[in-house]
Amino acid sequence: MEFVMSDLLLRAQTGKYAIPAIDVFNMESVNACFMAADKAKSPVILMSCGYELRQDHITYSDLVGIIRTIAKRYESVPYCIHLDHGTEDECYQALEGGFPSIMYDGSADSFNDNVKVTAALKKAAGANRCVEAEVGRVGGEEGKGVTPESTIIESDPTELVEFLDKTGTDTIAVSIGNIHGTHGFVKHAPRLNFELLETLHNSCDVPLVLHGASGIPENDIRRAVTLGICKVNYYTQIYNAFMASVKKDIALTAEECLGNATDAMVKEIVKLMDMCGSAGQVP
């Protein structure tokens, strides 16, 4: 069952759980998302970004078609399709390509420019499509780019309230010490600022999003969910599970190798669904 992401997140907000959002990077990862969701009785969010689609030489509408085709085998699984970390142009292209949900990454913009672009995108998306935005700046590795630790900006509660008032966006990605990627370029592991998260949560009524969740300890994820996080983004953790399996089984046939790698991703995603509290939420 396909949903608009805002509807799934509002359900999560009411039920006090979060939904894992998985950046898919090949057919096996799409399959793994649905297989895991079916096994765990969980909703799931499947994401991609413009950079990844260009690398794979497929269009936005191609990916929408692939996901919806595979979803037909899993009619009981609530899912949605989402653009992760889009530029302004990529967001408009994704909307034209049939994406029902987009994330505009204006974290490198001035506050006013972020507001301006996000508000225009929300107007273009309309009431039946979801727009996610970012207030503050989450550091780390995204695509080929790196946001240095020195340029990370924590989300400001006052700015968050103003941003929501001026844009009407559906959900907000927060910067509370989370970091994209493998964390190898920073001096310490991610340390989430739970006091700030609680303040942000109490400042607004929209579902909050945690980016860069790969490698964050389970107890920290569970605690973040109790403080308003309703969507948790994962890429590195799933990609690493896939690659480790492929390297281990490289001498096998392609079918066996990719089948085992899919199983490895399913196992990892099921763990994340349990951690986020979404497992068992589908009757």
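Each value in this text was obtained by applying a stated rule to the coordinates, not by laboratory testing. Every value quoted in this text rests on a predicted model; they were computed, and no experiment measured them. All Cβ positions, glycine included, derive from the backbone under ideal geometry; neighbour counts span all protein chains shown.
With labels modelled as points extended 7 Å from the Cα through the Cβ direction, what inter-label distance (nm, one decimal) is found for K16 paired with A124?
Here the answer is 4.0 nm between the modelled labels.
Under the Karplus relation 6.51 cos²θ - 1.76 cosθ + 1.60, θ = phi - 60°, what is the ordered set of whole-Hz ³J(HN,Hα) values for region 74-90, x standing for Gly and Pro?
Per residue, the Karplus-derived 3J(HN,Hα) values read 10, 5, 8, 8, x, 9, 8, 10, 9, 8, 9, 6, x, 6, 4, 4, 5 Hz.
Under a straight-distance cross-link criterion of Cα-Cα below 30 Å, which lysines are reachable from K271, leaving out those fewer than 8 residues away in the same chain?
List returned: K16, K39, K41, K72, K144, K187, K231, K247, K248.
Can you give the percent of C-alpha pairs in region 63-143 whose distance is more than 20 Å?
In whole percent, the long-distance tail amounts to 38.
In a GNM of the chain with a 10 Å cut-off on Cα contacts, which of H201, H57, H211 has the highest mean-square fluctuation?
Judging by the Gaussian network model, the answer is H57.
Mind putting a number on the dipole of region 5-276 about its Cα centre? Charges go on the C-beta only, +1 for Lys and Arg and -1 for Asp and Glu, and I need it in Debye to the nearest 20.
Numbers: 24 positive and 38 negative charges, 133 e Å.
Using only the charged Cβ atoms, the result is roughly 640 debye.
Quick check on the chain: of the DSSP beta bridges with both residues there, what percent are antiparallel, nearest 5%?
Of those bridges, close to 10 percent are antiparallel.
Would you mind counting up the charge near K72? Only other residues with Cβ under 13 Å from its Cβ, with Lys and Arg at +1 and Asp and Glu at -1.
Net charge around K72: -1.
Please state the relative contact order of region 5-276 as a whole percent: Cα pairs under 8 Å, 6+ residues apart?
Rounded, it is 21 percent for region 5-276.
I'd like the antiparallel share, as a percent to the nearest 5, of DSSP beta bridges with both residues in region 1-155.
Expressed as a percentage, antiparallel bridges in region 1-155 total about 20.
Per-residue ellipticity at 222 nm for the chain, helices alone: DSSP H runs ≥ 4 residues times -39500 (n - 2.57), over residue total, nearest 500 deg cm²/dmol?
Theoretical 222 nm ellipticity from helices: -15000 deg cm²/dmol.
When the Debye formula is applied to the Cα atoms of the chain, each taken as the same point scatterer, what base-10 log of I(q)/I(0) results at q = 0.11, 0.14 Å⁻¹?
For the chain, the Cα-only Debye profile gives -0.58, -0.97.
Kirkwood hydrodynamic radius (Cα pairs, Å) of region 16-73?
Details: mean 1/r = 0.0833 Å⁻¹.
This gives a value of 12.0 Å.
Highest mean first, how do 107-118, 24-35 rank when packing is the count of other Cβ atoms within 10 Å averaged over residues?
24-35, 107-118
If you plug each phi of region 168-179 into the Karplus form 6.51 cos²θ - 1.76 cosθ + 1.60 with θ = phi - 60°, what whole-Hz ³J(HN,Hα) values come out, in order, with x for Gly and Pro?
Coupling constants for region 168-179: x, 5, 7, 7, 10, 7, 10, 10, 9, x, 6, 9 Hz.
Sort S76, S61, S214 so the one with the fewest other Cβ atoms within 10 Å of its own Cβ comes first. Before the final figure, lay out each step's value.
Values: S76 10, S61 14, S214 24.
Result, fewest neighbours first: S76, S61, S214.
Using 0.36 nm times the number of residues separating M243 and E198, minus their current alpha carbon distance, what extension gain do you get?
Difference between extended and current length: 12.6 nm.
Can you give me the convex hull volume of the Cα atoms of region 1-121, divided per residue and expressed in Å³?
Each residue corresponds to 105 Å³ of Cα convex hull volume.
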